Structure formats: structure tokens, C-alpha cells
1. Filter region 70-104 down to the residues that are closer than 16 Å to residue 38 by Cα and loosely packed, with under 14 Cβ neighbours inside 10 Å, then identify the one that is nearest to the chain's Cα centre (by Cα).
2. Restricted to region 14-35, and to residues that are in a helix (DSSP H, G or I) and free of Cβ contacts under 8 Å to residues at least 40 places away in the same chain, which residue is farthest from residue 76 (Cα to Cα)?
3. What are the residues in region 14-33 that are surrounded by fewer than 19 Cβ atoms within 10 Å (Cβ to Cβ) and in contact with a helix residue (DSSP H, G or I) (Cβ under 8 Å, 6 or more places away or on another chain), if any?
4. Kindly evaluate residue 50 against the criterion of being in a loop (DSSP other than H, G, I, E, B) and farther than 17 Å from residue 17 by Cα.
5. Of all residues in region 62-85, which are of a type in the set (A, V, I, L, M), closer than 17 Å to residue 41 by Cβ and out of contact with any Phe, Trp or Tyr (no Cβ under 6 Å at 6 or more places or on another chain)?
6. Of the conditions (1) out of contact with any helix residue (DSSP H, G or I) (no Cβ under 9 Å at 6 or more places or on another chain); (2) in a helix (DSSP H, G or I); (3) at pLDDT below 95, residue 101 clears all except one; give me its number.
7. Could you check region 1-13 and list, in sequence order, the residues that are more than 20 Å from residue 75 (Cα to Cα) and in a helix (DSSP H, G or I)?
8. For the condition under 22 Å from residue 107 (Cβ atoms) and not basic (Lys, Arg), what is the one hit in 24, 74?
Amino acid sequence: MVTAVLGLVVGVVYGAVGTVAHPLAVSIGSLSIPYGLVIALVGVLALFVGFRLVVGGRLAAVGAAIGVVGIVSLFSLESVGGSILIREGLAGSVWLVGPALLGALVIAWPSLPTRAHRLEAPDVKEPHTP
């Protein structure tokens with residue numbers, strides 16, 4: 001339970017930082033590269049996978065996903081002063097949907113066998129030779 005709460009808090013921080021960073025882009029000629037969005041999505045994916053691998057279960061990754069998706073959803077709403085952190089457009093739409101899809105993918109991914117389980121020798125019977 002503590003890992004789920006920790007995941008939630010860290011997820012909120014990642015979501016807030018990613019929301020601020022996602023519109024960053026560099027223009028090379030007429031091409032605009034959204035490096036902020038790429039870094040934010042890679043960071044969120046690394047957070048989910050890291051919790052899944054380090055903690056060994058899905059609960060911390062679920063907490064992190066709830067934190068990221070919740071804060072991104074909250075920041076997509078118009079504030080009292082009229083400011084919006086996630087603007088309409090491709091980058092905003094990808095940032096709204098991307099963390100939820102990444103979270104669902106990482107949480108639904110099947111658990112891999114542990115190292116000790118893989119290193120065990122299988123019971124193989126030797127063939128009978130006459």
C-alpha cells in the first residue's frame with residue numbers, strides 16, 4: 001500500500017513536469033520537432049516500467065498511472081484566470097492520451113519469470129537406450 005501511495009505522489013510530479021515541458025519544440029527550417037513531448041513520454045514510460053520492475057508488482061505502477069493521468073486531466077481544464085496548460089493540437093492530444101495508453105500497456109504486460117526460476121534446470125528425462 002505504501003508503494004501505491006509513493007507511486008501516486010511521484011506520478012503527480014512526473015505528470016506536472018511533463019505537462020509544463022510537453023509543448024517545447026525546436027524548429028529546423030519548416031520542420032518542428034516536439035522534443036518536450038518525446039522526453040515527457042519517455043520519462044513517464046520509464047517511471048511506469050521502473051516501478052513495475054523494482055517493486056515487482058502492478059500496484060505501484062497503477063498508483064503512478066493514476067497520478068500522471070489525474071494531474072494531466074486536471075491541468076487540461078481551464079483555470080479560474082482563464083489560462084490553459086495543455087493547448088489544442090497534436091502535441092496536446094498526444095500528451096492527454098499518451099500517458100494513459102502507456103500506463104495501460106505497462107500494467108497489462110504479463111509478468112516475466114524471475115531470474116531464479118529461469119536458471120533452474122528443467123526436469124528432462126534422459127532417453128532410454130537399449
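1. Among those that are closer than 16 Å to residue 38 by Cα and loosely packed, with under 14 Cβ neighbours inside 10 Å, it is 101.
2. 35
3. 16, 17, 21, 23, 24, 25, 26, listed by residue number.
4. When the stated conditions are applied, residue 50 does not pass them.
5. 65, 69, 71, 72
6. Evaluating residue 101 over (1) out of contact with any helix residue (DSSP H, G or I) (no Cβ under 9 Å at 6 or more places or on another chain); (2) in a helix (DSSP H, G or I); (3) at pLDDT below 95 leaves (3) as the failure.
7. Passing the criteria: 2, 3, 4, 5, 6.
8. 74
The values are calculated or read from the model by the stated rules, or taken from the named source; none is laboratory data. This structure is a prediction, so every number in the text was calculated from the model and none was measured. No Cβ is skipped: glycine too gets one built from the backbone with ideal geometry, and neighbour counts run over all protein chains shown.
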